[in-house]
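I have placed the structure first, in the form of C-alpha cells, so that the comments after it can refer back to it.
The values are calculated or read from the model by the stated rules, or taken from the named source; none is laboratory data. On a predicted model such as this, the values are computed, not experimentally measured, just so you know. So basically every Cβ, Gly included, is an ideal-geometry build from the backbone, and we count neighbours across all protein chains shown. What goes into the accessible areas is simple: the full protein's heavy atoms, side chains included, and nothing from ligands, DNA or RNA. Shrake-Rupley method; radii C 1.70, N 1.55, O 1.52, S 1.80 Å.
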Amino acid sequence: MSEPRPDRTARFPLALERLGTEAATSPAREPLRPQRLLREAAQDAARHVAPTGVGLDSALVRHRMVERLRAEGVCGEAVLTAMAAVPRHLFVDSALAIQAYEDTSLPIGHGQTISKPSVVARMLGLLFEGESARRLGHLGRTLEIGTGCGYQAALLARLAPEVVTIERLAALFDRARDRLATMDLAHMTVRHGDGMLGLPQRAPYQSIVAAAGGDELPDAWLDQLAIGGRLVAPMRQAGGNAQVLMVVDKGPGGKVRQRAHDGVLFVPLKSGAA
Ligand code: SAH
C-alpha cells in the first residue's frame with residue numbers, strides 16, 4: 001500500500017507573511033530583554049525551575065535551550081529563531097513536558113522518539129548550508145520523511161515556503177496532523193504513507209530531511225532532489241553499525257556529491273505505511 005488515500009492528507013492554508021526569521025511569540029508579550037530574563041531567571045531559581053505553567057515558564061526555558069545551542073554553534077540564527085518560537089513541550093506527552101527543553105530525545109509512542117534539540121538544530125543547520133538555501137535565504141520547497149510528533153515539521157514551516165511531511169504510522173500521523181493544524185503553519189502538507197517513495201507530485205525539493213535512517217538512501221529521494229538542493233539523512237555506514245548524518249548535494253547536470261558528517265542514533269527507516 002504505497003499510495004496514500006487523499007483523505008489521509010492535510011493541507012494547511014498559506015501564511016506567507018510568517019516566513020523568514022520572525023519570532024512567533026505573541027506580539028502582545030514583552031520582548032525577551034536581559035533585565036526581564038534576569039528577573040524571570042531569579043523567579044525560576046526560587047521555584048527550582050519547576051515549570052508550573054506550561055505557557056509562561058516555557059518561553060524562558062526555551063530561550064535557555066536556544067542559548068545553549070547558539071553557544072555550541074550547531075546552526076545559524078534562522079534555525080535558532082525558529083527553535084525559540086516553536087513550543088517543543090506541546091509535541092510530547094504532558095508527563096514529559098518538564099524535560100522538553102533538555103537536550104534529550106524523548107519517546108512519542110509506538111517505539112518512536114522525537115530527536116534531541118541539538119540534533120534537530122544540526123540537521124536544519126546543515127540544510128541551510130546547501131547551495132539553494134544559501135542563495136534563497138530559506139530552505140525552499142522541503143520534504144521531511146518521518147513526521148513523528150511534528151516538531152521538526154513545525155520548525156520547517158518557519159524556514160521554508162512549502163513543507164511536505166510524510167509519516168508511515170497512522171497513529172502518529174493522526175496526532176501530528178491534528179496538532180499541526182492548531183498551529184496556523186505556513187504551506188504545510190502532512191501525509192500518511194511511505195516516505196521512502198517521497199512525493200514525486202511536488203518534486204523537485206530544494207531541501208530533503210529524513211528523521212529515520214536506513215542502510216542506503218532511497219533512489220526516490222535523490223531523484224526528487226532539485227539541482228542545487230541538499231538532502232540530510234541518517235544512514236548506516238557500509239561495513240559497520242554506526243549511523244552518520246549523510247549530506248548529499250545535487251550539482252549541475254544532476255551530479256551528486258555525498259559526505260558523511262556526525263555520528264547519530266535515529267530510529268530505523270522502514271518501508272510501507274502501517
Ligand atoms: N521529526 C520527528 C522525528 C520522528 S522519529 C519529530 O520531530 O518528532 C522518525 C519517524 O520516522 C517515526 O515516526 C517513524 O515512524 C517514521 N518513519 C520511519 N520510516 C518511515 C518511512 N518510510 N516513511 C515515513 N515515515 C517513516
Exercise for the section: Give the residues of region 196-227 that are without any contact (Cβ under 8 Å) to a residue 60 or more places away in the chain and closer than 26 Å to Ser105 by Cα, sorted by residue number. Expected result: Gly198, Gly213, Gly214, Asp215, Glu216, Leu217, Pro218
Exercise for the section: Output yes when any residue across region 183-193 is part of a helix (DSSP H, G or I) and among the hydrophobic types (A, V, I, L, M, F, W, C), and no when none is. Expected result: no
Practice task
Give the residues of region 164-189 that are within 13 Å of the ligand (Cβ to nearest atom), surrounded by 20 or more Cβ atoms within 10 Å (Cβ to Cβ) and not basic (Lys, Arg), sorted by residue number.
Solution key: Val164, Thr165, Ile166, Glu167, Leu169, Leu172, Phe173, Ala176, Leu180
Practice task
Check Pro234 against each of (1) within 18 Å of the chain's Cα centre (by Cα); (2) at pLDDT below 95 and name the one condition it does not meet.
Solution key: (2)
Practice task
Output yes when any residue across region 66-81 is within 14 Å of the ligand (Cβ to nearest atom) and open to solvent by 20 Å² or more (accessible area, probe 1.4 Å), and no when none is.
Solution key: no
Completion exercise
Counted residues in region 190-224 being near the ligand (Cβ under 9 Å from one of its atoms) and open to solvent by 50 Å² or more (accessible area, probe 1.4 Å) come to 2
Handout entry: region 125-163, subset of a type in the set (D, E, K, R) and farther than 14 Å from Ala10 by Cα, residue nearest to the ligand (Cβ to nearest atom)
Key = Glu144
Practice task
Test each condition in (1) without any contact (Cβ under 8 Å) to a residue 24 or more places away in the chain; (2) under 20 Å from Val256 (Cβ atoms) for Lys116 and report the one that comes out false.
Solution key: (2)
Handout entry: Check on Ala100, farther than 28 Å from Gly251 by Cα and within 16 Å of the chain's Cα centre (by Cα)
Key = yes
